[in-house]
């Protein structure tokens with residue numbers, strides 16, 4: 001089963017993707033992770049990525065699709081999660097063509113809907129463990145011992161530099177301008193499945209599970 005997790009920055013896509021990887025054996029295809037991996041891989045595609053990034057330029061859609069195609073040729077019994085791609089209608093068309101070319105399909109596009117004001121409150125209090133990636137929040141999920149990760153015991157707790165209200169609202173505007181048209185695109189294809197992205201993490205996971213079980 002192949003799915004897209006769609007939603008604005010901070011909606012919790014990464015958290016839910018990790019749960020699907022652990023619980024259903026799916027493979028997460030995060031463009032950021034793939035670019036970092038490719039850059040150090042030593043492959044021909046990796047050299048292209050490194051050259052573009054070293055020039056300070058944005059990696060083209062063609063390169064990203066090439067990286068995704070490499071991943072799709074590798075076995076994944078649980079299917080793939082597209083996280084952070086597609087971001088535009090052009091990328092959605094390119095992904096559709098790629099899936100057709102590789103004999104695969106797209107089974108659901110899960111839109112994690114959020115309220116902007118509540119999302120800002122969530123994100124500005126967020127911090128993560130630099131060692132294991134566990135996510136915490138000042139108000140709703142602080143560490144049990146201040147400054148120490150509950151999971152791995154690391155004291156390397158970090159906040160993203162752009163996790164402030166001004167930066168977040170700019171990122172939201174960018175999302176709505178470029179990515180929100182995908183909502184109509186996938187609705188028209190009958191693939192869109194909206195869920196409440198601001199519910200408790202377990203409730204969001206249950207909503208996603210219900211979508212996948214019904215797909």
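Every number in this text was worked out from the coordinates using simple rules, so none of it is lab data. Here the structure is a predicted model, which means the values were calculated and not measured. Methodologically, a virtual Cβ is constructed for each residue, glycine included, from the backbone with ideal geometry; neighbour enumeration extends over all protein chains shown.
Figures for the structure shown
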read-out: Cα-based shape type of the range 38-87, given that a ≥ b ≥ c are square roots of the gyration tensor eigenvalues and the cut on a/c is 1.5; value: oblate
read-out: Euclidean distance between Cα centres, the range 77-114 to the range 152-169, Å; value: 28
read-out: Cα gyration tensor shape of the range 47-122, rounded if a/c is under 1.5, else prolate or oblate by comparing a/b with b/c; value: oblate
read-out: Relative packing of 121-133, 170-182, 80-92, which averages over residues the other C-beta atoms within 10 Å, highest first; value: 80-92, 121-133, 170-182
read-out: Largest-first principal axis extents of the Cα set of the range 107-192 (Å); value: 48, 32, 19
read-out: Cα-based shape type of the range 147-191, given that a ≥ b ≥ c are square roots of the gyration tensor eigenvalues and the cut on a/c is 1.5; value: oblate
read-out: 222 nm mean residue ellipticity, helices alone, for the chain (DSSP H n ≥ 4; -39,500 (n - 2.57); rounded to 500); value: -14500 deg cm²/dmol
read-out: Contact order relative to length of the range 1-140, as percent, for alpha carbon pairs under 8 angstrom and 6 or more apart; value: 38
read-out: Stokes-Einstein translational diffusion, the chain - Kirkwood Rh over all Cα pairs, 0.692 mPa s, 37 °C, in µm²/s; value: 178
read-out: Extended-chain gain in nm, criterion 0.36 nm per residue less alpha-carbon gap, residue 124 and residue 161; value: 12.3 nm
read-out: Overall Cα dimensions of the range 1-51 - principal axes, largest extent first, Å; value: 33, 25, 15
read-out: For a label point 7 Å along the Cα-to-beta-carbon line of residue 93, residues of the range 54-85 with backbone N under 19 Å; value: 60-66, 85
